[in-house]
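Before any comments, here is the structure.
Bear in mind that the values in this text are calculations on the coordinates, not laboratory data. Computed from a prediction, not measured in an experiment: that's the story for all the values here. Cβ coordinates were reconstructed from backbone atoms using ideal geometry, including for glycine residues, and neighbour counts include every protein chain displayed.
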């Protein structure tokens, strides 16, 4: 029976591991099938404090991983297949092996919904993004497309006008599902242009290594037109990675793990959550890291009291 098992290895998971290991709790961390999380698809991270000239997303995760290992974190490079509550803690299975711990920290993150295009994958971080707050700065004076019709698409578009010369919102229908106040905001912004009844069916730029344009298909007529563009932002939502616990833990209305405000406590004693799996609002590396620290401290306090 271990003190703490951490599931998920983005900034939240590694920070939780660093704090738990330094508290001599000898944590185990399951890296999962996407070690490093969403930052592994991010090229330049310029807004993580401590890196004056920025750092590549994968490099930041490598540094955090080494730091966690240095303090004695046991790293298991596989997926946690199941989590069951047992007397005095939890049981986790992974690749046929069984692990037990008094506390578990869930830092499984969220997955940005993709457009599902072949070139989208290959140009991720090279003009294709799912986070305006993270990457908007790189599009100063450029023209970008935001795909989506909800509030997040409106928010991302408004934010991008601080940098981009022109922002086009591409939506497959002729009306948005975003709130009226958000729609009014984008419609009144001279830098934003709406392209309705259209969808991105191809992204160009593989040959030069960055986005150069898109093919748009008219959803009414089926006509295809090419458009020169520097960036494509998918704002069609995120899916929290809760498959492991969705039947036992309380989720909020958006499907994210519900935590007691100001803490990482869930509705299950000894089970804590941090990072994007419980945060649909900020979704930043630094806020995820901060909540990872909270989860480790909460777990440490819980263990001391029990």
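Listing for the model above:
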| item | result |
| --- | --- |
| Chain lengthening between residue 191 and residue 84 when straightened (0.36 nm per residue, less Cα-Cα) | 33.4 nm |
| Normalised contact order of the chain, rounded percent, pairs of Cα under 8 Å and 6 or more residues apart | 21 |
| Pairwise FRET efficiency - residue 175 versus residue 215, Cβ, R0 = 22 Å, nearest 0.05 | 0.40 |
| Folded to 0 to 90 degrees: helix 151-160 orientation relative to the chain principal axis, Cα | 70 |
| Relative contact order [Cα under 8 Å, 6+ residues apart], region 77-189, whole percent | 16 |
| Residue-averaged [θ]222 nm for the chain, counting only DSSP H segments that reach four residues, each worth -39500 (n - 2.57) | -7000 deg cm²/dmol |
| Among 104, 242, 63, residue whose mean-square fluctuation peaks in a GNM of the chain (springs only between Cα atoms under 10 Å) | 63 |
| Using alpha-carbon coordinates, inclination of helix 11-22 to the longest axis of the chain, degrees | 20 |
| Ordering of 171-183, 116-128 by packing [mean C-beta count within 10 Å, highest first] | 116-128, 171-183 |
| Cα gyration tensor, region 57-152 - rounded (a/c under 1.5), prolate or oblate | prolate |
| Net length gained if the chain between residue 250 and residue 53 were fully extended (0.36 nm per residue, minus Cα distance) | 66.9 nm |
| Sites residue 113 and residue 258 - FRET efficiency at Förster radius 22 Å, r taken between beta-carbons, to 0.05 | 0.55 |
| Selected from 12, 23, 164 as most flexible by GNM, with the chain as the system and alpha-carbon contacts under 10 Å | 23 |
| C-alpha long axis of helix 285-305 to longest principal axis of the chain, angle in ° | 20 |
| Fraction of beta bridges assigned by DSSP in the chain that are antiparallel (%, nearest 5) | 45 |
| Gyration tensor (alpha-carbon) shape descriptor, region 114-234, a/c threshold 1.5 | oblate |
| By average C-beta atoms within 10 angstrom, highest first, the peptides 201-207, 92-98 | 201-207, 92-98 |
